[in-house]
Amino acid sequence: ASQRVSLLYIAEASLRCAKAESEDFEQLLQEAAAGLLPRLPRLLDLCAADPLALAPLGALAKLLIEHVCGGASGELERRVALPRSLPGALTLAMRRCRPL
């Protein structure tokens, strides 16, 4: 479990660094979204009972979903399709998550 949490923090920090420092961060976020968003419902299911794991996963999901939905630019073009199961997985994760 601690390895999973560590990996999630590393993934989230990597995306934040890419977004802040890279000239081609749009492409990097696009590739990350394409690879991670289809797996996000399953990751939420795996981490839902562990608030320590859900925190970095939530931050990671927020970055990717904002990117896909246009973020601050207001651009509504979907670059990567959001999984249909994502809203249900988010709801279940929030219900199962116990406060710290």
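Overview of values
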read-out: Flag for residue 63 being in a helix (DSSP H, G or I), touching a residue at least 12 places away in the same chain (Cβ under 8 Å) and within 12 Å of the chain's Cα centre (by Cα); value: yes
read-out: Every residue from the range 1-59 that is open to solvent by less than 80 Å² (accessible area, probe 1.4 Å) and not in a helix (DSSP H, G or I); value: 22, 48, 49, 50
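The values are calculated or read from the model by the stated rules, or taken from the named source; none is laboratory data. Here the structure is a predicted model, which means the values were calculated and not measured. Backbone-built Cβ (ideal geometry, glycine too); neighbour counts: all protein chains shown. All accessible areas refer to the heavy atoms of the entire protein, side chains included, with ligands and DNA or RNA removed. Shrake-Rupley method; radii C 1.70, N 1.55, O 1.52, S 1.80 Å.
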